[in-house]
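J.: The structure is given below, and queries will be raised subsequently.
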Amino acid sequence: MTSGPDGAAAARGAPPPNTPTSDAVLERLTRLHPKIIDLSLGRVERLLARLGHPEQRLPPVIHVAGTNGKGSLLAFLRAMLEAGGRRVQAYTSPHLVRFHERIRLAGGLIDEAALIALLERCEEANGPEPITFFEVTTAAAFLAFAEEAEGKAGAGDKEGADILLLETGLGGRLDATNVLDKPLLTAITSIGLDHQQYLGDTLAAIAGEKAGILKPGVPCVVGPQPDEALAVIEAAAQRVGAPLHRHGRDWRFTPRPDGFRFEDANGVRDCPRPNLPGPHQVANAALAVACARRLEGFGLDEAAIGKGITSADWPGRLQRLTRGPLAEALPPGWELWLDGGHNPDAGAALAGTLKTWQDRPLHLIYGMLNTKGAEGFLEPLSPLAEDLKAVAIPGEKASLSAEDAAARATRAGLDAAPAAAVADALQAILRDAERPGRILICGSLYLAGQVLRDNS
């Protein structure tokens, strides 16, 4: 079983000590709007107009929405496209260790000096008018992507870019990324219950928001969906005139011991086992293959697709930690893993992998935001874990307290207790365990980022 890089790799690109960072300007930008999330397109459209409409000068775009698997899909697609010799940009969120992880130019992650300059340009263009943090930083990302695509000096790689992989931040219809008139392709990953306070409390309502990225005449590749969500997506596609390429109807996959079999109108191919661990990553890799088969002129032959499946990495998603203070505190025979999934579907997907971990005891360390359904995430894990230590997520105002998180874990059926911090939780597990086991830190991407930051 393989996984993504350790925390040190996730933090690659962090500036040397005593050099200017983007932290100060990012902190200023958080004060431009009283709410962290306020879904709208008007503010970002206003700022993009003042910046000269960079969203109209991007390379061809694949726009991705969904509840789970967006980042993994982009990781597989980026690896495939790069294996095919393409120069790929990518926009993802949230970041794990440093903000610059969100903006990947064709030449690599954006550097701090370029990021600071872009953010300050957006700050000056916006002035004191209200705009959310995600909106203004998305405008900065579009500026970076457009200027690299145009080969402008100081804006990334001078050779430009061939394609941009664009992940929605929240929802789709009113997400700040949804300002493109005609992307090359759209994709919708698995839809489940998450962010109900913003998107609605039913699968149909959430699917309606995600389907807001559909555009007239632009093909959309649809991953495995609950029937309720698929019906909404199909209705939206018919309404706007977007051709659908649907799992179960237009393409399908079958897991195999050594990978999976993929089938669509173009034929059948056997694909290797994905580099990202977990049965759910087979579905994400198959969705990436379905997208790749819709792209013409990008060098995506069978070799490139296969190499992308086996080389993709995505830190913080079922990632084994083998270096750093936490990993080095483990006695021989122990393993330490990290995962940022945080909703019921993510818990179910995680459980699918943990069921294969029967050779030694499993111990959980978890923390979660108070906007998430802890019990729904933890219930699939309950029969698989010996015990659980709950922690508050450092620096997150919306984090559950360790005591509240432990109480929710107990209601989910786990033997749970609070701990002061991740390191304390790990030591308590080691102290009480009768034999070597696996420790999985889980429940939030924010917790995963903190662990990577402290363990790099």
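J.: May I ask you to derive the relative contact order of the chain, considering only C-alpha pairs under 8 Å and at least 6 residues apart, and to give it as an integer percent? Write out the running numbers ahead of the final one.
T.: Working: 967 pairs, mean separation 82.8, N = 456.
Relative CO of the chain lands at 18 percent.
J.: For the stretch 197-237, what relative contact order do you get, as a whole percent, if you take Cα pairs closer than 8 Å and at least 6 residues apart? The partial results should precede the final answer.
T.: On the way: 26 pairs, mean separation 20.9, N = 41.
The value is 51 percent.
J.: State the antiparallel share, in %, of DSSP beta bridges confined to the chain, rounding to the nearest 5. Walk me through the numbers on the way to the answer.
T.: Details: 20 of 55 bridges.
Counting only bridges with both partners in the chain, antiparallel ones make up about 35 percent.
J.: What is the antiparallel percent of DSSP beta bridges lying wholly in the stretch 361-456, to the nearest 5?
T.: 10
J.: I would also like to ask the following. Of the beta bridges DSSP finds with both residues in the stretch 294-444, what % are antiparallel, to the nearest 5?
T.: In the stretch 294-444, approximately 20 percent of DSSP beta bridges are antiparallel ones.
J.: Which lysines, if any, have their Cα less than 27 Å from the Cα of Lys210, not counting same-chain residues under 8 positions apart?
T.: Lys35, Lys70, Lys182, Lys372
J.: Now for a separate question. Mind checking the alpha-carbon convex hull of the stretch 10-149 and giving the volume per residue in Å³? Numbers along the way, then the final one.
T.: Details: hull volume 16.8 nm³, N = 140.
Dividing the Cα hull volume of the stretch 10-149 by its residue count gives 120 Å³.
J.: Follow-up. Run the 1.4 Å probe and let me know the accessible area of Val232, rounded to the nearest 10 Å².
T.: Surface accessible to solvent at Val232 totals approximately 40 Å².
J.: Keeping all protein chains in place and using 1.4 angstrom, which order do Lys355, Lys215 fall into by accessible surface area, from largest down?
T.: My answer, sorted largest first, is Lys355, Lys215.
J.: Within a Cβ distance under 12 Å of Pro216, other residues only, what is the Lys/Arg minus Asp/Glu net charge?
T.: Spelling it out: positives minus negatives among the neighbours equals +2.
J.: Given a cut-off of under 8 Å on Cα pairs at least six residues apart, what relative contact order in percent is computed for the stretch 286-412?
T.: Result for the stretch 286-412 is 19 percent.
J.: Note down the accessible area of Thr353, probe 1.4 Å, to the nearest 10 Å².
T.: Solvent-accessible area, nearest 10 Å²: 0 Å².
J.: Also, I was wondering about something else. Of the peptides 203-213, 324-334, how do they stack up when ordered by the mean number of other Cβ atoms within 10 Å, highest first?
T.: Taking the mean over residues of other Cβ atoms within 10 Å, the ranking is 203-213, 324-334.
The values are calculated or read from the model by the stated rules, or taken from the named source; none is laboratory data. Only a predicted model underlies this, so the values are computations on that prediction, with no experimental measurement involved. Virtual Cβ from ideal backbone geometry, glycine too; neighbours counted across all protein chains shown. For accessibility, only protein heavy atoms count, side chains too; no ligands or nucleic acids. Shrake-Rupley method; radii C 1.70, N 1.55, O 1.52, S 1.80 Å.
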